[in-house]
Amino acid sequence: MKHSRIRVLAVLAAAACTMSTAAGCAEKNSTPDSSTESTAPTLAEPQVFNENITGSADGYDYELWKDEGDTTFTVQPGGGQFSCEWDNINNALFRRGQKFDCTKTYQELGNISINYGVDYQPDGNSYMCVYGWTREELIEYYIVETWGSWRPPGAPFAIGTVTVDGATYDIYKTMRYEQPSIDDTQTFAQYWSVRQTKPQGDGTKLEGTISVSKHFDAWKKCGLELGKMYEVALNIEGYQSKGKAEVYKNELTISEPYTEANDITVTVDAEAIKKLAESESDTPETPTDAGFFEIGFENGKEGWMGRGGALVTVDKEKAAAGSQSLFVSGRTDYWNGATIPLSSDVYKPNESYHFKAQAMQQSGKTVQMKMTLQYNDGGTEKYDEIALLDAPDGEWITLENKAYKIPDNATKLQLYVEITNSLADFYVDEVTASEKAE
């Protein structure tokens, strides 16, 4: 979900840090498959890009990454300014900031902040945010200032709040299991600060300050430790949407020495942190792609994970058979649910297999439950219905397809269960995947 446009003069502390033109860390792009790299130190004229690009100019690094669709990324001369447009995309990011050599923590770099001015006009799902990564440990992070039609990150609850720069932000931690990262496909955490309310501006124009290091300080109080810095950038992100943005001010400053923030208010929700830890406790750091299986959740989650913001835990009170089932809660969008990765060594494109699951919900009304296959086709995520059924309140139903054919060219398969027309919690039990039924 990524998009952006920007323009501005940069003000950088003289001895701030090592930039991304250094060897090592900067040799790896911050999103997969970036195709071209520019090293021009200054720009006399705006540079326009339509395909994936990374580069540096006028003291700022820049990057456009997309998986498909129509994008225009204009890098302005003189500083951190840029503009962007996107349409007919699945996922696109436009950003400009600083990349580092992954040898220093944010405290070792100094106090980081960004003054921004942006004319932001999304149509659909989009964020305007500060974005970046760290290594050791691998973390993707967002400080979301405003958004389009959907407020991220889709997590069921915040683990704290921080009041800084005149606004209050909710703090979240989410997990990405075996997903693209700056180090290829990995399992990694995402840290988030998301404003509770969108900022007000002059029509579509917004201006403000994001004290980046102060958010990092707040995350630390919530137990969210960052690694060594790879990137800090002002980012516009679009997901299955269209829109445009112009970043006419993007002043990234790094002042030394670092001082811990004493002018922020942080609340820590200890119960939420405990609940989050419990939901992650028996999820492997690197999930194993499943072959054929019969899972009744009598031994735990057995490789199943939350999809989107959903939490998955073992329930010992309700079961279609045996004594336990998988409980899916905290859904913030219909596609949130429970998922398990499937082995491409077992499940082959254009071959058919038998999938079956028991499911039950207690929303007080009949809803529509679905078993779906997520897969990758040429770098694009796609989704295919396996089974769909109305689910009356409080009744176990059987989602089943005895001869489901894996789509042509499908890779990175994930099986998941969702509710298509409700945010209700639900239960899953007695899931099987095998050769097609005769």
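Every read-out reported here was derived from the displayed coordinates using simple, explicitly stated rules and does not represent laboratory data. Just so you know, these numbers come straight off a predicted model, no measurement behind them. Virtual Cβ from ideal backbone geometry, glycine too; neighbours counted across all protein chains shown.
Could you compute the FRET efficiency for F293 and Q240, with r as their C-beta to C-beta distance and R0 at 25 Å, rounded to 0.05?
So the FRET efficiency works out to roughly 0.20.
Give me E237, E45, E231, E302 sorted ascending by neighbouring Cβ count inside 10 Å, so fewest comes first. Walk me through the numbers before you get to the answer.
Details: E237 28, E45 7, E231 25, E302 16.
So the ranking, lowest neighbour count to highest, is E45, E302, E231, E237.
When the distances between all Cα atoms of the range 271-374 are binned every 5 Å from zero, what whole-number percent does each bin get?
Result returned by the calculation: 2, 10, 19, 25, 21, 14, 7, 2, 0, 0.
Quick check: pseudo-label points 7 Å beyond the Cα along Cα→Cβ at V346 and Q362, how many nm apart are they?
It is 3.1 nm.
Let me check the size of the range 38-139 from its C-alpha atoms; what are the radius of gyration and Dmax in Å?
Here Rg and the maximum Cα pair distance are 14.6, 41 Å.
In Å and on Cα atoms, what radius of gyration and Dmax does the chain show?
Answer for the chain, Rg first and Dmax second: 22.5, 71 Å.
Once you put a point 7 Å from the Cα of T209 and another 7 Å from the Cα of T265, both along the Cβ direction, what distance in nm separates them?
The two pseudo-label positions are separated by 1.8 nm.
What angle, in degrees between 0 and 90 and rounded to the nearest 10, separates the Cα long axis of helix 212-221 from the longest principal axis of the Cα atoms of the chain?
So the inclination is approximately 40 degrees.
Using only the alpha carbons of the range 126-194, determine the length spanned along each of the three principal axes and report them from longest to shortest in whole angstroms.
36, 26, 22
In the range 371-393, whose amide N lies under 18 Å from the spot 7 Å out along Cα-to-Cβ of T420? List them in ranges.
Zone members listed by number: 371-375, 382-393.
Kindly put F426, F82 in sequence by how many other C-beta atoms sit within 10 Å of each C-beta, fewest to most.
Ranking F426, F82 by Cβ neighbours within 10 Å, fewest first, gives F426, F82.
Express in whole angstrom the spacing between the alpha-carbon centres of the range 62-87 and the range 312-366.
39 Å
Starting from the Cα-Cα distance between E385 and S323, subtract it from 0.36 nm times their residue separation and give me the gain in nm to one decimal. Could you put the intermediate results ahead of the total?
On the way: separation 62, 0.36 × 62 = 22.32 nm, distance 2.92 nm.
Stretched fully, the E385-S323 segment lengthens by 19.4 nm.
Would you list, by chain and number, the aspartates and glutamates whose Cα falls below 13 Å from the Cα of K198, excluding same-chain residues fewer than 8 positions away?
In chain and number order, the partners are E145, D170, E207.
Once the Cβ-Cβ distance between E45 and Q196 is put in as r, and R0 is 35 Å, what FRET efficiency do you end up with, to the nearest 0.05?
0.30
If you scale each eigenvalue of the Cα gyration tensor by 5 and take the root, what three semi-axes come out for the range 343-438, rounded to whole angstrom and sorted largest first?
Working through the eigenvalues yields semi-axes of 26, 15, 9 Å.
Could you state the angle between the C-alpha long axis of helix 270-280 and the longest principal axis of the C-alpha atoms of the chain, as a value from 0 to 90 degrees rounded to the nearest 10?
60 degrees
What is the fewest-to-most order of T74, T134, T288 by other Cβ atoms lying within 10 Å of their Cβ?
T288, T74, T134
Quick one: of K275/K301; K242/K356; K221/K318, which pairs are farther than 27 Å apart, Cα to Cα?
The answer is K242/K356; K221/K318.
For labels at Q179 and E302 in the simple 7 Å Cα→Cβ model, what's the distance in nm?
Result: 2.6 nm between the two label points.
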